[in-house]
Structure formats: structure tokens, C-alpha cells
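Input: a single structure, listed below in C-alpha cells.
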Amino acid sequence: MFRFGHPEYLYLLVLIPILAFIQLVFTAQKKKALKRFGNPELLSHLMPDVSFFRPVVKFYLLLLALTTLIFTLSAPQFGTRLETVQRKGIELIIALDVSNSMNSNDIEPTRLERAKQAIGRLTDRLRNDRIGLVVFAGQAYVQLPITSDYASARMFLNAVNTNVVPVQGTAIGAAINLSVSSFSQQEGVNRAIIIITDGENHEDDAIGAAKNAAEKGIKVYTVGMGTPKGGPIPTGGAGNFLTDRDGNVVITRLDEEMLRQIAVAGQGEYIPANNIRAGINALMDQLEDLEKSEFESKVYTEFEDQFQYLAFIALLILIIDFIILERKNKLLKNIDLFTVENIDKIQKE
């Protein structure tokens, strides 16, 4: 298992292409300035000790050393032992609506992006809990099985879009049923499902599914995405929206009443879309009030720092850069293996 102890330093890598671009600009300006004095080939005979190639090599060696030092500061680590540890928490599955209506931008930037931001904030507050991700439209699929690996959860969340489910629609009931079956088999663990959707359920009995989940001790919470006023559904290019058979633009609206009914049936609560940040905080406070249960989790418990190897490489690059002079070597500058005399000699031999 590999990780960075201080991944925040990796942002410094943005300096590398910037510095490389600046070097290219300066090199081009330098060549342009030399051309003002005369033919570059003639000028090279007037400046026999000047090397145009060595400064470039030295710069890119420094750039390589800087890159290596940035990775060194990020503290690369390798996990050496996988252990089973006991943790206290709950199991939480987020069911995220990825139907085309979630592309509506009646809340900025879009319903789906706002939902992903809300899930990100929720994940940041988790500690020892397990989390899973289900995506649904006309059908429901497990995007991320129940896990304690929050980094993987964020990675899978970033990959979510409205194309991950091929069948369109909004089957909230199917999402709840799949979420219920996706929890671990361990007994005595408190569980909750969070449905994030615009509430336009057209496929199944979502209220009945929420009741069944509550009977199994699983609370169902709903989070609304969108506004009652609604908005059009983009279909590709700018200004293109989904239309009905008569050519009228389809307006998708948040169905708050449906989401309230699902939350009541699931013995949870409904969080309105107009106050997502406060709603997520209130939801997390409720989840934290649930009794924590012990469960096993496999984690890498020992990570060994490997930065010393990168530091050695950086030092070696800097030594090479120091040895290479910007001017031509006086001992070697007169050696020319490709003179006419030497070529004739080689051909005769």
C-alpha cells in the first residue's frame, strides 16, 4: 500500500511546467537578441568558450531536482503490514440519483455537482464509520461497496456522472432495496441510508421500500436536490434542452412531498435543498447520536518512509548539475572527432 504522508506539497508540482515555459521564452528571446548582432554560426566562432547547450541542460537538471525534492517533501510511504483492527462506528450507504434531471442547473452549478459537494462534506466528517455508494436512475448499481477507505470513496464519487447508469428514470425504491442488501452481514451494527435526489420517482414504490428498510432497523434519510420552481434539462450543446413530444421544453421540479413521505416511512428526516450545508451538518449530528458498534476493518498499520531514496536522487542530480559548467571545457573544447581530417583517417583504416 502506497501513500503520501504530506500530499499537500504535491500542489507545488504546478511550478514545474510554469518554470519550463519561462525558460523556453527566455531561450527564444536570447536567440532573437543574438540574431541582431549577426549570423549565429559566425558569432559562435567569436565566442569559442560559450556553450548554448549546457545552460539548457543545467536548467532542466535543476528542474528535475526540484521535482524530486517536491516528492521528497510529500513523504512517500509504503504500508508494510495489513492488520485487522476493531473500530466503533455505523454503516452508511449514500444512494445518489444520476438521472438526466440531475443535470439541471436550477441550483448552481448543477444538481449533481451540488450533491457531490454535499457528499464530500459528509465524508470529511466521518471518522470510524463505514460508507458505501449506490447510484441509480432507471436502475440501481453499487458504485462503491461498504468500506472504511474514505480516499476510495472520494475517488469513486469524483467519477460519478449521469452516464454511469444506462437506463434513465428515477427508481428510488430500487436504490433503497439495493442499499439494504449492500450492508455487511455483521449483526448489531446501526445503519442508515441517505437518498440524494430531486424526488421525481416514476418507477416503483419508494415509500414501501423505505418502510421495509425501517423494519430492519435501517433509517432512511432524504436530501432534496433542485427547487420547486424547477429548471430545464440540458441535452448537450449550449441552449439545447430536453423537450416533450410536442416540442415543449421539459421542466424538472423538486418533489419535496415525495421525499418527506419517504423519510417519514424510513423513520429518518428530509433535508431541503435550499439549505444543504446546514442540513448535512444537522444530519451528521443525528448520525453521530446513533449508538456506535464495533466492527472489524483491515488497514495498513505500519507505513515506512521512503523519502530518503528520493532525497539521494535529488542530491545526485544537483552534484551532476554542479559539475557541468556553463562554458565549454577548456581541456576538451579543441577535440573535434568530426573534422574532415579525422573522417578521412577513419575511412582509410
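The values are calculated or read from the model by the stated rules, or taken from the named source; none is laboratory data. No experiment lies behind these values; they were computed from the predicted model shown. Here Cβ is always computed from backbone atoms with ideal geometry, including for glycine, and neighbour counts include all displayed protein chains.
Screening the stretch 117-135 for residues that are over 14 Å from ALA192 (Cα atoms) and small (Gly, Ala, Ser) and picking the one that is surrounded by the fewest Cβ atoms within 10 Å (Cβ to Cβ) gives GLY120. Look at (1) at pLDDT 90 or above; (2) surrounded by fewer than 17 Cβ atoms within 10 Å (Cβ to Cβ) and you find that VAL167 fails only one, number (1).
Wholly within the stretch 45-164, which strands (runs of 3 or more DSSP E) include no fewer than the required count, namely at least 1 residues that are of a type in the set (Ser, Thr, Tyr) and at pLDDT 90 or above? Write out each step before concluding.
Working: elements: 76-89, 91-97, 130-136, 140-147.
Output list reads 140-147.
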